[in-house]
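What follows is calculated from the coordinates using simple rules that are stated; it is not laboratory data. Note that this is a predicted model, so its numbers are computed, not measured. A quick note on method: Cβ atoms are made from the backbone with ideal geometry, for glycine too, and the neighbour counts reach across all protein chains shown.
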């Protein structure tokens, strides 16, 4: 079946945790007739939301993995990805936004712009994704969508304009007023599926006219035709909608819609906005790099007649083998045709082509440009580019944050060891922020992730999906070591063992840098070290930085400048200069006054104002620095910087301090210096551990 690409939409639903993303997606599926009954995230029917297909998601009432589905609304095919809100699963949001053309930013009408809303906004900016905002939960006590619109302007710097106005708020929410058509919409029936259009109530008409003026004023910047019509006092609906669309696609206008997903109000009008204001695949510019032409940028077009280009953005291991989610950027991917993996430089045949609906799937014969589908049984990694044979292009990969927490795990018995190995192999392929390695000193298996919940979920999945019972050690913080002053080195490596030996001399200096982890500067003049050995020096310095001598963690923030050296025509080699560089680094490292750095988290605590004093005290006890606190009636919010090492077990402490009424989120902010007393304690622990292993 041919798809009109102009009508296709690829959207993501992103928000702070508990803003109602999955509930909203459930309503969208219902109104688009994809499902026949609405299920709740924490529903009493025990079924759970459609998009939360994992048993763990239904138990915890949170989204862990992004889920893809496709629906049709008024003749427009829409691919939807529902993403997690919890910051521990931020990679799921990253990879979704990497391949989507538009998004819906969901905000709570009481919580407003929260910490994770800011993170999602940063991700939307990173990938230049046009989006619209939906203020959810307008039926909640304390709902104030106009305050949230102001926060979008103040906190996120967006040119936010109200496209709708509520008819009543909190428990009196009846419907919405569309400020474009100047009509009132009410949502009747058991599931809000019957839309009733009426004239705006007289009591709300003056405010609606005032807010429509604001909307026209903002939109007229994107359309001369609208500006002229406005001056003549004759603004028609089509002209206004065209101007709003132009501003949205340019990411210079943010249309704001509102409603209540739980009470089934405002969802159909939001779907109208998706097809009206968000871009089709043809309106989004995608770029690839030509690997045969020095990585020159190549602009791709959503043209079915051109050779196929697709990006693998997510992997899943199911009961039938590996499932690879792909976004087709150019050309058509057909079942039975050959594609070329440019990373592996290997051809493969498209066996099964799948359209996903959460955990269920249906076979299709071809996928047009702009489509999001899945392939079965393909050997690849997340971020691989697939092209038609004869091409050699690579899509720009997504941003992957570094893990901040690690945990030692060991299997309970031999059977669990085999299962654990299979599970770790699968999880590291699926999730780039989940990493694992064996510590060469302690011989322990270490897993690393983005937070306690992230690792908890994977350990629970090992137990459930692989029957791998594991014992976990205490969580370990991903510390770093760094230098604080410049230090010079001049080191000669000599080794003679009969026949040709090893010789190399390098001199230069190390200095601290803040903006990047490592930089190698070659300032050598006169060829005192042959050019073929310069990469060997770089490699040796990188090897030396993998493990510091203070507490054994990687070293970061170092610029290495090499300005002199010497070589031997026979004894100098790649290995000799690598060893010389390692010797140089060790010689200068302690002179550079190394220090220990720890991950500092941005923590946002929200709860009743009566417990604000307890929240402040708990943050201060954890070496936290409070940045801001705000009160909104009986509800308060505290933002602080707190070292990760002090945050273990904080959820239990916070529950007991606030009678279970407060919640917190945290995300990695930066690396900061560890206080001297703690630094000495860490060094002593490291030295003791090394002695016991000897």
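Counted over all Cα-Cα pairs of region 299-351, pairs farther apart than 17 Å make up 43 percent. The modelled label-to-label distance between residue 228 and residue 337, using points 7 Å beyond Cα along the C-beta direction, is 4.4 nm.
Centre-to-centre separation between the Cα atoms of region 294-349 and those of region 552-605: 40 Å. Using Cα atoms only, what is the angle between the long axis of helix 115-126 and the major principal axis of the chain, expressed in degrees (0 to 90) to the nearest 10? It is inclined by approximately 80 degrees. Sorted into 5 angstrom bins from 0, the C-alpha pair distances of region 596-677 split as 3, 16, 28, 24, 15, 8, 4, 1, 0 percent.
When each of 120, 561 is scored by the number of other beta-carbon atoms lying within 10 Å, the sequence from fewest to most is 561, 120. Kirkwood analysis of region 405-478, using all unique Cα-Cα pairs, places the hydrodynamic radius at 12.1 Å. Here the scattering of the chain is modelled by Debye summation over its C-alpha atoms, one equal scatterer each and no solvent; at q = 0.07, 0.12 Å⁻¹ the log10 of I(q)/I(0) is -0.57, -1.42.
The alpha carbons of region 457-513 give a radius of gyration and a Dmax of 23.7, 59 Å, in that order. What do you get for the angle between helix 145-154 and the principal long axis of the chain? Use alpha-carbon atoms, 0 to 90 degrees, nearest ten. The helix 145-154 is inclined about 40 degrees to the chain. Its Cα gyration tensor gives region 286-395 an equivalent ellipsoid; the semi-axes, largest first and in whole Å, are 23, 15, 12. Tell me, what is the FRET efficiency for residue 531 and residue 392 to the nearest 0.05, using R0 = 30 angstrom and their Cβ-Cβ distance as r? It comes to 0.60.
Working from Cα pairs under 8 Å separated by at least six residues, relative contact order for the chain is 9 percent. Multiplying the residue separation of residue 198 and residue 610 by 0.36 nm and removing their Cα-Cα distance gives an extension gain of 144.0 nm. Our estimate of slack between residue 414 and residue 476, defined as 0.36 nm per intervening residue step minus the Cα-Cα distance, is 19.8 nm.
Once the Cα atoms are used to define both axes, helix 90-99 deviates from the longest principal axis of the chain by about 70 degrees. Taking all C-alpha pairs of region 550-694, those more than 28 Å from each other amount to 45 percent. Computing FRET efficiency as 1/(1 + (r/R0)^6) for residue 425 and residue 352, where r is the C-beta to C-beta distance and R0 is 25 Å, gives about 0.65. Using a simple spin-label model with pseudo-atoms 7 Å out from Cα toward Cβ, residue 543 and residue 494 lie 2.1 nm apart.
With 10 angstrom as the radius, rank 577, 89 by how many other C-beta atoms surround their C-beta, starting from the fewest.
Working: 577 29, 89 25.
Going from sparsest to densest Cβ surroundings: 89, 577.
The length gained by stretching the chain between residue 628 and residue 128 to full extension, at 0.36 nm per residue less their Cα-Cα distance, is 177.1 nm.
Cα centroid separation, region 404-482 to region 642-686: 21 Å.
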